[in-house]
Amino acid sequence: MSFSEYDVTRRTRKGNFLKQIDQLIDWNSIEKAITVHYAPVLDAAGRPAYPGLLLFKMLLVGIWNGGLSDESVEDMANSNLHVMRFLGLSLEDDVPDHSVLSRFRTRLTGAGAWDGLLTRINEQIQMYDIMVMKGNHIDASITQSPRKLKARPAYEVVSDREERDDEADARTACKSLKRPSYGSR
């Protein structure tokens, strides 16, 4: 165990949700189901691909935190110690970027495996009478937006108004409807 790994372990709470859920789920059966549809190989540069279980766990973190975007999951995996521990990453490890997550999800969805994997997770959690409820997650990220013009748009003001011939007839044809009054209860 490295010094950084010791610090991460020391600085994370013991009763954290992700740590508890990590201990309840049989990840071996999930990993076997993933490898049927995703077998990591070397990429074009010769680097090893990310394990399918790591990518699936990252997607679960996004779901369990209110449906985060893949970019937000990537940020969370880089900055949250509990998430790092859940994913089995150390501070020195590279975190998959959002495009890898998107491609992984697309591959599983295209193979028809995504829903089945989520069902397996839910079944394992429900065996312990635990239900992960959906909450509200408010994203208060600062985003770039185009500048708004400070000048107000010019409006044309019509100075003279034409009197229509049928305007007087329209006023007399309008009836005011009275609301029926009901007795108090």
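The values are calculated or read from the model by the stated rules, or taken from the named source; none is laboratory data. Just so we're clear, the structure is a prediction, and the values are computed from it rather than from any experiment. Backbone-built Cβ (ideal geometry, glycine too); neighbour counts: all protein chains shown. Remember, those area values only see protein heavy atoms, side chains included, never the ligands or the DNA or RNA. Shrake-Rupley method; radii C 1.70, N 1.55, O 1.52, S 1.80 Å.
From the set of residues in the range 1-50 that are of a type in the set (Ser, Thr, Tyr) and within 22 Å of residue 92 (Cα to Cα), which is modelled with the highest pLDDT?
Among them, the one singled out is 50.
Pick from the range 91-111 the residues that are open to solvent by 60 Å² or more (accessible area, probe 1.4 Å) and assigned to a helix (DSSP H, G or I): which of them is nearest to residue 73 (Cα to Cα)?
98
Which residues, counting only those in the range 69-90, are in contact (Cβ under 8 Å) with a residue 40 or more places away in the chain, under 14 Å from residue 18 (Cβ atoms) and open to solvent by less than 60 Å² (accessible area, probe 1.4 Å)? Write out each step before concluding.
Quick first cut of the range 69-90, residues in contact (Cβ under 8 Å) with a residue 40 or more places away in the chain only: 72, 81-86, 90.
From what is left, the residues that are under 14 Å from residue 18 (Cβ atoms) are 81-86.
Correct list: 81, 82, 83, 84, 86.
Working carefully through the options 38, 128, find the one that is in contact with a Gly (Cβ under 8 Å, 6 or more places away or on another chain) and among the hydroxyl-bearing types (Ser, Thr, Tyr). Don't jump to the end; show me each part of the working.
Working: 128 fails: in contact with a Gly (Cβ under 8 Å, 6 or more places away or on another chain).
38 is the lone residue from the list that is in contact with a Gly (Cβ under 8 Å, 6 or more places away or on another chain) and among the hydroxyl-bearing types (Ser, Thr, Tyr).
Run residue 55 past the list (1) open to solvent by 70 Å² or more (accessible area, probe 1.4 Å); (2) touching a Phe, Trp or Tyr at 6+ places or on another chain (Cβ under 6 Å) and report the number of the one that doesn't hold.
So the condition that residue 55 fails would be (1).
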